[in-house]
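What follows is a single structure, written as structure tokens, with notes after it.
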Amino acid sequence: MHPDLTDGVRRFRRDVHPARAALFERLASSHRPGALFIGCSDARVVPELLTQSGPGELFVIRTAGNLVPVYGPAPDAVSSSIEYALAVLGVRDVIVCGHSGCGAMTALATGEDLTELPALDGWLHTAGPAGSRTAARDGGAEAAVTALVHDNVTVQLAHLATHPSVADALARDAVTLHGWTHDIRTGAVDVLDPRSGTFTPLA
């Protein structure tokens, strides 16, 4: 194991955990996060850092391309985690967050050959028609990727709404869905306006 990781664990046990012992004592018997954050597996995007959330505040799902499969009969880890967050934990907000320079969206927008990565290739097609829509736009590869990052968040929110636990919570006005995109270089976050379908900077 990389020494930086084991050194980090030692520092956590020596310095961080004792300083917040009361919090961890409470969390040991209580798990009530307020939001579900669905983000990309990309190591550069850290949901807790981005939202300045502490332990116990976010329920996090990370997938390549922040993709959400359409609900289906076959069990899968993403769907089961969504179901648990909504039906058991009762989260009140669900955020789907894309980000700049996303490798998954770059592969889709540029038509990258992924035949040697069949599992990834199959997973990315969960993004549906968003890839072909955006790749056809003018403006160059970077513009196509940026547009696809935004389009993909919208598509994944639609996929999310097919999950019975989400649909039930929406019908009861018990949850709000949010679409975000995050620019790694600038730190900016754009938020989807569900009425206009456009993204605007978070004030």
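The values are calculated or read from the model by the stated rules, or taken from the named source; none is laboratory data. All values derive from a computational prediction rather than experimental measurement. Every residue, glycine as well, gets a Cβ built from its backbone with ideal geometry; the counts of neighbours run over all protein chains shown. Please note that ligands, DNA and RNA were not included when accessible areas were found on the heavy atoms of the full protein model with its side chains. Shrake-Rupley method; radii C 1.70, N 1.55, O 1.52, S 1.80 Å.
Couple of notes before you dig in:
- Test: G72 is more than 18 Å from G197 (Cα to Cα) and modelled with pLDDT under 95: yes
- Taken over segment 175-203, residues that are part of a loop (DSSP other than H, G, I, E, B) and in contact with a helix residue (DSSP H, G or I) (Cβ under 8 Å, 6 or more places away or on another chain) amount to 2.
- Residue in segment 23-45 that is in a helix (DSSP H, G or I) and under 26 Å from T146 (Cα atoms) present: no
- Unique residue being modelled with pLDDT under 95, among the hydroxyl-bearing types (S, T, Y) and open to solvent by less than 20 Å² (accessible area, probe 1.4 Å) when the list is T126, T134: T134
- Residue check for D15: assigned to a helix (DSSP H, G or I) and modelled with pLDDT under 95: no
- Of the residues T126, T162, the single one that is among the hydroxyl-bearing types (S, T, Y), more than 23 Å from V45 (Cβ to Cβ) and in contact (Cβ under 8 Å) with a residue 12 or more places away in the chain is T162.
- Residue within segment 184-192 that is closer than 18 Å to P69 by Cα and either at pLDDT below 95 or not aromatic (F, W, Y) (or both) present: no
- Considering residues of segment 26-46 that are under 17 Å from T181 (Cβ atoms) and free of Cβ contacts under 8 Å to residues at least 60 places away in the same chain only, the residue surrounded by the fewest Cβ atoms within 10 Å (Cβ to Cβ): V46
- Residues located in segment 7-47, provided they are over 27 Å from W123 (Cα atoms) and of a type in the set (A, V, I, L, M, F, W, C): V9, F12, V16, A19, A21, A22, L23, F24, L27, A28
- Every residue from segment 47-83 that is farther than 24 Å from L23 by Cβ, open to solvent by 40 Å² or more (accessible area, probe 1.4 Å) and in contact with a strand residue (DSSP E or B) (Cβ under 8 Å, 6 or more places away or on another chain): none
- Enumeration of residues in segment 1-12 that are assigned to a loop (DSSP other than H, G, I, E, B) and open to solvent by less than 100 Å² (accessible area, probe 1.4 Å): none
- Cross-chain or 6+ apart pairs with Cβ under 6 Å, segment 48-70 first and over 17 Å from D121 (Cα atoms), then open to solvent by less than 50 Å² (accessible area, probe 1.4 Å) and of a type in the set (S, T, N, Q): I61/S81
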